[in-house]
Amino acid sequence: ERMELRDILHLETRTSDGRRIKLFANIGNLEELDIALKNNAEGIGLMRTEILFMNREKPPSEEEQFKFYRTVLERMRGKPVIIRTLDVGGDKIIPYLYAEIGKEENPFLGYRSIRLCLNRKDIFKTQLRALLRASIYGNLKIMFPMISCEEEVLKAKTILEECKEELRKEGISFDRNVKVGIMVETPAAALISDILAKEVDFFSIGTNDLIQYTLAVDRTNESVSYLYNPSHPAILRLIKMTIENAHKNGIEVGVCGEVASDENFVPKLIKLGVDELSVNPSKILVIKKKVLQTKSNEDIINM
Ligand code: PEP
Ligand code: MG
């Protein structure tokens, strides 16, 4: 009866009533990739790329990024790897990118993430070209963070197409069908998820920011952390709405925020209909055990 974690290492992740849940890992560096591999992650649900840009004077070159992304894809041996484009700003500070704008009153609501990338096409295209070049070494999916309106998705996709066109002209190969998704981590994105679902191949719900922006609670401020409540009905409703709109449009939804690594929250996510959980690599087996013990439709959530 008692399930030991080492016994479940090679088990497929299914709920007790047989629903398949993809169990992926969040990584930001190669050490975390090692842990994900050791724990038999089925994929990478979120690779943060900010670390590549940190502790230096200028952005990494296309070649340097290409080599890094290729390494991750090769080591995952054809399993899905969702790499997120630069999500700088807010809690993720990279000083040299902010030289031209200076201090902001509300950095979390400011010039950051996809907003900066759409304005700094040089930085964005370098990363997208590196990702596309790496795409032939595994199963890459590209993900855009901090989306708050449809126009951002359309612009990001147009720039990606420009990069593909450049590579085609240069005779450089890439995966022509590389999948593109977005983070749903602003209330606006969740509320227009019916529209956004028609533009992308997958969603990944970023609860860390979704909670912060929905509840108006700074995720880094200890004084208000008592209000940072993942089970707030507003959060559960936005997650439910996002999943329903995705499924109506035939796309899958993962959750890559911290709540996916929380054993006590995982049953809620499963009942809300999530397809994939992307967790802290050291929590993979603990979460797998929880999924195996969860019945996907056993009770209704209070929301
Ligand atoms: C999130 O916002 O939930 C997320 C996964 O992204 P990050 O924590 O990097 O902002
Ligand atoms: Mg986020």
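No value in this document is a laboratory result; all are computed from the given coordinates. Please read all numbers here as calculations on a predicted model, not as lab measurements. As a convention, Cβ positions derive from the backbone with ideal geometry for all residues, glycine included, and neighbour counts pool all protein chains shown.
In the chain, taking the dipole from charged Cβ atoms about the Cα centre, the farthest positive-side position among V274, I51, L238 is held by V274.
Summarised in one figure, the compactness ratio Rg/Rh of the range 126-186, Cα atoms and Kirkwood Rh, is 0.99. Shown is the FRET efficiency for N119 and D194, computed with R0 = 30 Å from the Cβ-Cβ distance and rounded to the nearest 0.05: 0.60. Can you grab the distance from the C-alpha centre of the range 1-64 to the C-alpha centre of the range 220-271, Å, no decimals? Using only Cα atoms to place each centre, the spacing works out to 19 Å. What is the sum of charges, Lys and Arg at +1 and Asp and Glu at -1, for the other residues whose Cβ falls under 10 Å from the Cβ of N208? After counting each charged neighbour, the total is -3. Maximal additional length on extending the I93-R176 stretch stands at 26.6 nm, based on 0.36 nm per residue less the C-alpha distance. Mean-square fluctuations from a GNM of the chain, with a 10 angstrom spring cutoff on Cα atoms, peak among G45, G78, G257 at G78. Taken over the chain, the convex hull of the Cα atoms encloses 134 Å³ per residue. Each label point was placed 7 Å from the Cα along the Cα-to-Cβ direction; for N264 and I159 their separation is 4.0 nm. The stretch between L227 and I136 holds 28.3 nm of extra length on full extension. This uses 0.36 nm per residue minus the Cα-Cα distance. Projecting label points 7 angstrom from Cα along Cα→Cβ for N55 and K103 puts them 2.7 nm apart.
One chain, two ends: D34 and C149. Fully extended at 0.36 nm per residue, the span grows by 37.8 nm beyond their Cα-Cα distance. Among K58, K22, K79, which one shows the biggest mean-square fluctuation in a GNM of the chain, springs joining Cα atoms closer than 10 Å? Among K58, K22, K79, the largest mean-square fluctuation in the Gaussian network model of the chain belongs to K58.
What number, in percent, do you get for the relative contact order of the chain if the mean sequence gap of Cα pairs under 8 Å and at least 6 apart is divided by its residue count? Working shown, then result.
Numbers: 542 pairs, mean separation 69.3, N = 303.
Once normalised by length, the contact order is 23 percent.
Within the shell defined by Cβ-Cβ distances under 11 Å, the residues around V253 carry a net charge of -2, with Lys and Arg each +1 and Asp and Glu each -1.
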